[in-house]
Amino acid sequence: MTQRNKMETTFLSLPENESFARVVIAAFAVQLSPTLGEIADVKTAVSEAVTNAIVHGYEGTQGMVTLRAAIEGHTLTIVVEDQGRGIRDIPRAMEPFFTSHPEQERSGMGFSVMQTFMDALHVESQPGHGTRVTMRKRIRAGNVA
């Protein structure tokens, strides 16, 4: 039998909620029996996606960030979504070291980090309507039936 589960939470786009998102995703993913490395990878990727939503999606304003996760078999799918300003040029935004705010000492590595730590990354965005980041990771250490 394939293991299946889903969760969703929504929170205000405050910087302190980035750590909340990390804890929530770790608590959800633990049912797959991930290694410490796998859980660290997932938490880091979620941290980057949530930080992007807060810093770039809402740019100093407040809105809601939605974190969804689903488990099917050994695969963890994570979606981080905002209703912020959106991304005009997704391929450009995903280039390593690209940042729309160099004056804020941003590294421009958020999407690169997500790609490195997850098995798949897909970004959908429309200017003025927000961004949805979907990430997948197969948890190889899981002892799921």
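A short reminder: the numbers here are calculations on the coordinates, not readings from a lab. A quick note: this is a predicted structure, and the numbers were derived from the prediction, not measured. All Cβ positions, even for glycine, are placed from backbone atoms using ideal geometry, and neighbour counts span all protein chains on display.
Amide H contacts for GLY84 (H built 1.01 Å from N in the peptide plane; partners 5 or more residues away or on another chain; cut-off under 5 Å): GLY130, THR131. Other residues lying with their Cβ under 10 Å from the Cβ of THR75 contribute a combined charge of +1, Lys and Arg counting +1, Asp and Glu -1. Here the residues ASP82, ASP41, ranked from fewest to most Cβ neighbours within 10 Å of their Cβ, fall in the order ASP41, ASP82. A Förster distance of 22 Å, applied to the separation of the beta-carbon atoms of LEU12 and ASP89, puts the FRET efficiency at 0.20. Put in order of Cβ neighbour count within 10 Å, fewest first, the listed residues GLU81, GLU8, GLU48 become GLU8, GLU81, GLU48.
Convex hull volume per residue, computed on the Cα atoms of the stretch 4-138, equals 97 Å³.
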